[in-house]
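Q: Starting off with a structure, shown below.
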Amino acid sequence: MKVRKENKIYTIDERQKASYLDLGYDVINETTGDIVEHSPLKSISYAEHLRLIQDREDKNIVEFDNLNTTITEKDAKITELEKNLVAKMTIEELKTFANEREIAIPEGVTKADDIRAFIETSYFTTK
């Protein structure tokens, strides 16, 4: 295993790891040089801490916005698919569709086109 402190890199064995960490060395990946374990002596300034928090919040906001956009796009696609499905349904299928979505079809509405129009105005416009 390798440890690094500033520009010094040493190859050590597992038994020496704790001692080197206590001296301020970081354990690094031998291939990439990335830090695998930080020394407990490491500290950062308060300003750096605040900057890191702000960076994380900024990334979270961007990720949240991207997820919201994805959800909105998928909801629109689902609505489009449901509209296409409703356009091809029989009277019984339309009644089942309405019942499953708790859409109350008025008693006088009995024709397929009228039920379809009612579903479109009461279900798809409120989605």
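Rule-based calculations on the coordinates, nothing more; no lab input. Keep in mind that this is a model prediction, so the values were computed, not measured. As a convention, Cβ positions derive from the backbone with ideal geometry for all residues, glycine included, and neighbour counts pool all protein chains shown.
Q: Output the 0 to 90 degree angle, nearest 10, between the alpha-carbon long axis of helix 91-100 and the longest principal axis computed from the alpha carbons of the chain.
A: 40 degrees
Q: Now for a different question. To make sure I understand, if each residue's beta carbon is the centre and we count other beta carbons within 10 Å, what order do 109, 3, 86 fall in, fewest to most? All intermediate terms of the calculation are to be shown ahead of the outcome.
A: Working: 109 15, 3 23, 86 18.
With the sparsest Cβ surroundings first, the list reads 109, 86, 3.
Q: Can you put 124, 118, 64 in order of Cβ neighbours within 10 angstrom, beginning with the fewest?
A: 64, 124, 118
Q: Write down Rg/Rh for region 28-127, rounded to two decimals, with Rg from the C-alpha atoms and Rh from the Kirkwood relation over Cα pairs.
A: 1.44
Q: Under a Cβ-only charge scheme (Lys and Arg +1, Asp and Glu -1), can you give me the dipole magnitude of the chain about the Cα centre, in debye to the nearest 20?
A: My answer is approximately 360 debye.
Q: Using each residue's phi in region 104-116, evaluate 6.51 cos²θ - 1.76 cosθ + 1.60 at θ = phi - 60° and report the 3J(HN,Hα) Karplus result to the nearest Hz, with x for Gly and Pro.
A: 7, 7, x, 4, x, 8, 10, 7, 4, 5, 5, 5, 4
Q: Given 0.36 nm per residue, what is the gain on full extension from residue 87 to residue 65 after removing their alpha carbon distance, in nm? Before the final figure, lay out each step's value.
A: On the way: separation 22, 0.36 × 22 = 7.92 nm, distance 3.30 nm.
Extending this stretch completely gives an extra 4.6 nm.
Q: Continuing with this model, one more query. Give, rounded to the nearest 20 debye, the magnitude of the charge dipole that region 1-58 has about its Cα centre when Lys and Arg contribute +1 at Cβ and Asp and Glu contribute -1 at Cβ.
A: In debye, rounded to 20, region 1-58 gives about 240.
Q: Using 0.36 nm per residue of separation minus the Cα-Cα distance, give me the extension gain between residue 52 and residue 99 in nm, one decimal. Please list the in-between numbers first.
A: Working: separation 47, 0.36 × 47 = 16.92 nm, distance 5.14 nm.
Extending this stretch completely gives an extra 11.8 nm.
Q: Also, I was wondering about something else. Apply the Karplus curve 6.51 cos²θ - 1.76 cosθ + 1.60, θ = phi - 60°, to the phi angles in region 70-87 and return the couplings in whole Hz, x for Gly and Pro.
A: My calculation for region 70-87 gives 4, 4, 4, 5, 5, 4, 5, 5, 4, 4, 4, 5, 5, 4, 5, 5, 4, 4 Hz in order.
Q: Find the relative contact order for the chain and round it to a whole percent, using C-alpha pairs within less than 8 Å whose residues are 6+ positions apart.
A: On the way: 91 pairs, mean separation 16.5, N = 127.
Once normalised by length, the contact order is 13 percent.
Q: Cut-off is 10 Å between beta-carbons; in what order do 19, 122, 45 appear when sorted fewest neighbours first?
A: Numbers: 19 11, 122 14, 45 8.
Neighbour counts put them in this order, fewest first: 45, 19, 122.
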